[in-house]
Structures are given as structure tokens and as C-alpha cells.
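A quick write-up on the structure given underneath.
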Amino acid sequence: MRLNNKQKITPIILTTLLFMSLSLFAQKKAIKVACVGNSVTYGYGLQHREQECYPVQLQALLGSNYDVRNFGHSGATLLKKGHNPYYKTPEFEAATSFAPDIAIIHLGLNDTDPRDWPDYHDDFEADYAWLIAQFRKANPAVKIYICRLTPIFSGHPRFKSGTRDWYWKIQNLIPEIARVNHVGLIDLHSPLYARPNLFADNIHPDKEGASILASTISDAIIGYHGSLEIPATFSDNMVLQRNTQIPLTGRANAGDLLQVYFQQHKWTATADMDGYWKVMLPAMHAGGPFNLTIKDHDSVITLKNILIGDVWICSGQSNMAFPLNQEADGQSEIQKAADSKMIRLCNMEVLRQPDAVVWDSTALTKINKLAYFSGSWKTASALSAKDFSAIGYYFAKKINSSEHVPIGIIEIAVGGSPIDSWIDRYTMEHDPILVDMLSNWRKSDFLMKWCRDRADVNLKNATAFGQRHPYDPCYNYEAGIANLVNFPVSGVIWYQGESDADQPDLYRLLFKTMVGSWRQKWGYQLPFYFVQLSGINRPSWPAFRDMENKMQQQIPGVHMAVSMDMGDSLNVHYKRKAVVADRLALLVRRYTYHEPVIADGPAVVSMVQKNNAVMITFNNKLATNDGKSLIGFELVNEKGERLPVSAAIKNNQVWLRIPSGEKIKTVFYGMQPYTHANLVNNSGLPASTFILPLHDNKKFE
């Protein structure tokens, strides 16, 4: 058989094209990536550094089209006059000779050394600009990213002596250096700051930490951040806070155009290089239901049945988490829940309750990754209400009834949790006392022994370094509250303190710090309403209740609901939660909604001794809660002895008869652990436990 010309030429053409394709492929060079830095880049402390350091993990993520090299030098400073300047290292010479297409620079940690920052800090910006220029000389087309520093945790030996403060000065300079020098900025701090368990020596991340670095840098280089995402607080059935702008944030791929549709309006946003986008929804009046739609080029998220109203957070420990189905009248209330059409519930349920059980490895791993809280908005129903906070649910009903607007309640509470677990790390690190609570918490007397013992039970099988737990300082903030701070709310109702009752003076500092930190995070003077500890036969509780009473007078925008008359002598989880919710609701109606209601119990206005009697003047007319004789007062003499005393009510005054021959220095009220003190005002609201010094004509603001 003879071949025609076409048949003869085709194999030759195919062979030639294949050869040309192979040649072109061979000529295509991999994109060169230089990882410039110190020991974190080098991989110091990793068991298998050659396989686990972040540049090696970055290579695996980017693939064969990239050539990633590690130019980290342990101990290197950015400062040229530093004790170990990077520009004098062999790695600097190798990195510039490599002439990278992409340079990732992570330097500055070692500049917090007292040999460097105090003397040469004014050179930092210029020295960083010089280093950037060297890579541009090596390759004018290079794309440079500089990095916000990975964390240094409080256990570092120089943390309080200077490193902490110098670290944050450097950290705050880096974004400005990126702007001025027209380079990219990668945040290596935020993904790791809530993960101290990945830093055995407080400065060098482990393999998982290096993996997070590699993933963060890979996302920045490629611009891929996964499918369209929005915060978990945005879901079907949610309530959005009325009369204030609502920041709607999320993630998409870098450069993606986002479109948001709500109430016949449209907004657009473009995802930045880190994939973050933001749209500000305008302030809106109460109403609904509405739908909200978010689109990018290939995804659509539609949220349905949204109301505009008031949102409240209910938080704390087990008495706030105490469910409606266990409350005194809860079963009958559950059957009526479906009638509460304007109430929405978001129960941020915990992965494991801190009960006296050993947690398995699956739970321990998730807790270390901060995957502890989960939940979404639900309409009020028997199913959604039965396991919801009894106080939160009753409170929502009361406020909805008085204000006639939709009410959303977010429950985020953990049984037994100490207050320091609800405070953010930065705030605690910068407090001269609280910073010492962050290290070795499982052996620290800052934490009540009960909490430490319970954590020891839960973590009996834990093998990972620095295993996290919801009693760990900052944990509940990092795993939970941090996800809510961009969600505007009307305020917070708080019931916690049982796990801190042995240290009232420390608690005063912790509570004030927490309130201040949450207000700073939300960006406005967030109202706080808290429940005083109840009566129970625990000797430290009276002094704690007195501290709480004084504390509310010292922090603006903070108000206390008395509950000492609601307690149980033996059971910390008393069942009459509806009464406490009513008292919280009265306070909120008075101080947030400015209704002319009486919301507080009797408060002392003045106290004076007249002959053989002490006359205490209160701000309301007085009565007893049971119609019987007034009880609960004691006098303390100059020897510190507590004396029983007869007491009588005269309109808005209480008269106490001083025993013959006694010199009195202090007046106690309700200072028994489980007290039967019965003083109330003419609205039936109880007086708080108090300790007051007796001075002539003493007035109390």
C-alpha cells in the first residue's frame, strides 16, 4: 500500500509539535519563592525540621510550578546594628543571589532583645526599607510580602521586662512599612495568637503551627481562600440589631466581587488580598421578616426569616446555662414557647460540658483547635426553648412584652468557667497582675482549686503540649466571644462568679477588665447587667456579694440584680430563675430603655449613730418580704465581734439598737452565707448584702 503526501507528513508534524511542546515546557521556569526570616522561618525546635519547617510545607502546598527556598537564619535581627543582623548572614547573600520572583520576609522578633530595640529602634523602618530595596535590586520584578510577626507568649523570659512592649511597637510599624514601600502584607499573628498550645517555648511554632504559617502564606500568594463564607452568627432566623449599622463581613477569593441584597437594596464589595470583604448595612427600624442574599461569581447564600430588633448576649457559667426544662415552672413555659413569634434563640452549645468525666482524644483535638462552641439562630419553639438558658428565655419574653420589638438572645455560657476564661489575651497580657494568670494555669493559685481539679479530670488522657480547656485563661473568649464582636448587640446579661468566689478582690479587677475589654472590642459602651451570687452555705460568698454590690457602683453602665434571696442552702443551681430574669429585665427597662420603672432594691443613702441607735436611711420606702420582723442586720464592735441586733423599719429608715456598752465600727446586712435577710422596698425588690463602716453623718452615693 502506498501513502499519500498527507499521510507521510502527519507523523512528522506530530513529532515536531511534541518536541516543541516539551522544549517550551522545559524552558518554563518555576516561580522562585524566597522565605526570608529568623528561627521561625528556619524551623528551630521542630523535631524533623527538614520536613516540617514552614517553607517545606509551603512548597508542598504550592506545587511543582514553584521553587520555594528556606533562607531563615536563627537569631537574626532586622536592625542592621542589631546583635545578629540578617544582612550579614550567609542566608541574606544566598537569598539575594537567588533573585526570587516572590520574597516572604518575616523579621523583627529578635529585635525585641534589650541589646537591640532600646538603642536602635529609630532605624527599624529605614532598615526594613533597605532590605526590601536589596531584593528589588536582585530582581526588579520581585513581588515582596512582609509579615506581621508571629506571637511571643507571656511565658517568654523577657516578656514583661521589655519584649512585650517592644514587640507591639514593631507589630504596629509593619503595616505602615508595607504601605510606604508598596509591598504586600501577610498577617502571621492573628491565625496563631489564640493557639499558645502550638508554642512549647513561647516563640517557636510546632509542626501544626508551621502548617498554619504555610497555609496563610500560600493563600496570600495564590489568592485562593476557599468558597464564599460568612460568620456563623449570620443564619436563617436571626435578629439584627435595630437602629445601628450592621457590619456584614466574610471571606472569598482575593479580588472576587461580592453583591449583597437586603430590603430592595444592593451593596457591593471586593475581597482584599487576604480574601476579606465587608459591607455596612444601614441602621434600620424594627421589623421583618426579611431575606438576605450574598453572591459572588459562582456562589449564592440566602438567609431567610430575618427580623430587625434588639439582640442580647447572655453569658457566664452554669446558672446562666441552666436550661428552661429544669426551671421551676419551665415545663409549662415550654408548651407556650411557640407563641413567642418575635423571639429568636441562638444557643452556642459546647462540644463537651466540663462534667466530672474524662474527655476523649477527638474532643481534646477539637478543643485545641478552638472548635468548642457551635450553634445557629432558631425561632422560639418547644424544641429550641427547652435546652436554652432559662434566664435568657424569660428575659427575652419580658423585654419583648415591654418594648414590642423582636428580641434575639445569644446564649454562650460554660458551667464552672472562671471569669479569666472570658477575657481576651491582649488585655490580660498588658495588665501588670493578670498577665501572671496566663502561664501554668493548671497549677496556679489564681484559679480556684475546684476548677483545677475538674480540668485535671477532663484532661486526664491529654498528651498534647499545652492542652486547652474552657477553664484555661482566655479560652472562652478566643473560642466564642471573639466570633461575636462584629455582631452589634444591645447589651449583655451576665451570671458568673461561683468559680471565683474565693477571691473577691481579684474578681473586682477581672470583672472591670472584662467589661472594658468587651466594650473596646464592640466599639461602644456596651451595657452590662449581672446577677449577684445567691445565698448558699459557702463561707466566702457573703464577702463576694458585698464586693459585687460595691463593684456595680464603680463601673459606669453596669447594674446588678440581687439574687441572694433566691438561693438554696446546699444546691448552687436553684430552680427559681424566672424571678432573676424579671429583675434583670426591670434593670434593662430602666437603664437601657429609660422606662420610669423601679428597678433597684433599697440602697443606703446615709447612716448615723444617735445615742444608742444606728439610723440607716434608704432611697425607698421599706418593708419585709414576708411581712414579719426585719432580720439580717448585725453590728460589729471595735474588737471585730459580730453582734446580733434588733431592727425596726420606720418609713425609709432602719433603726438598729446598739447593745449597752458597745462601740460599733461596722454594720453588716445579709452577711450570712445562706441568709434569711428580708429587707425589700415598696416594690418588693430586695436589698443587697452590704458591709458599711459607721461614721457620724456618713452619706453614701
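Taken together, the values in this text are just the output of simple stated rules run on the coordinates, not laboratory data. Being a predicted model, the structure only gives us computed values, none of them experimental. Cβ atoms come from the backbone with ideal geometry, glycine included; neighbour counts cover every protein chain shown.
Give me the number: length gained by fully extending Y674 to L173, i.e. 0.36 nm times residue separation minus the C-alpha to C-alpha distance, one decimal in nm. Before the final figure, lay out each step's value.
Numbers: separation 501, 0.36 × 501 = 180.36 nm, distance 5.52 nm.
Extending this stretch completely gives an extra 174.8 nm.
Listed by chain and number, the lysines whose C-alpha is less than 17 Å from the C-alpha of K169, apart from same-chain residues fewer than 8 away, are K160.
Here's the picture: charge each Lys and Arg Cβ at +1 and each Asp and Glu Cβ at -1 in the chain, and of L570, Y167, I105 the one pushed furthest to the positive end of that dipole is I105. Averaging the sequence gap over all C-alpha pairs within less than 8 Å and six or more residues apart, then dividing by the number of residues, gives the chain a relative contact order of 9 percent. Peptides 681-691, 73-83, 138-148 ranked from most to least packed, by the mean per-residue count of other Cβ atoms within 10 Å: 73-83, 681-691, 138-148. So which of K266/K341; K32/K278; K369/K443; K521/K575; K575/K650; K550/K650 end up more than 30 Å apart by C-alpha? Those over the limit are K32/K278; K521/K575; K575/K650.
Note on T41, T617, T216: ascending count of other Cβ atoms within 10 Å places them as T617, T216, T41, the fewest first. When the inverse distances between all different Cα atoms of segment 604-699 are averaged and flipped, the Kirkwood radius reads 13.4 angstrom. Counting only Cα atoms, the size of segment 374-591 along its three principal axes is 50, 38, 35 Å, in decreasing order. Here Cα Rg over 2.2 N^0.38 Å was computed from the coordinates, and among (1) 1.24; (2) 1.18; (3) 0.99 the match is (2). Size descriptors for segment 163-270 (Cα atoms only): Rg and Dmax, in that order, 18.1, 54 Å. Toward the positive end of the charge dipole of segment 374-591, with +1 on the Cβ of Lys and Arg and -1 on the Cβ of Asp and Glu, the farthest Cα among W494, M448, I433 is that of W494.
Here segment 236-357 is described by how far its Cα atoms reach on the three principal axes: 54, 39, 25 Å, from widest to narrowest. Each peptide in 283-289, 631-637, 309-315 receives the mean, over its residues, of other Cβ atoms within 10 Å, and ordering these scores from highest gives 309-315, 631-637, 283-289.
For the chain, the membrane-span-like helix rule (DSSP H, alpha carbon extent of at least 15 Å along the helix axis, mean Kyte-Doolittle at least -1.0) picks out 5-27, 124-138, 164-180, 207-222, 390-403, 504-522, 577-591; this says nothing about an actual membrane. Please identify the trypsin sites (Lys or Arg not before Pro) of segment 618-677 that satisfy two criteria: DSSP loop assignment and at most 14 other Cβ atoms within 10 Å. Which are they? Passing both the DSSP loop test and the Cβ count: K621, K628, K639, K663. Taking the dipole about the Cα centre of the chain, with the C-beta of Lys and Arg at +1 and of Asp and Glu at -1, give me whichever of G661, S227, L584 is farthest to the positive side. The one lying farthest along the dipole's positive direction is S227. With just the Cα atoms defining each centre, how far is segment 84-138 from segment 33-79? Give it in Å. Each part reduced to its Cα centre gives a spacing of 16 Å. Rg and Dmax over the alpha-carbon atoms of segment 86-192 stand at 14.2, 42 Å.
Counted over the chain, the DSSP beta bridges are approximately 55% antiparallel.
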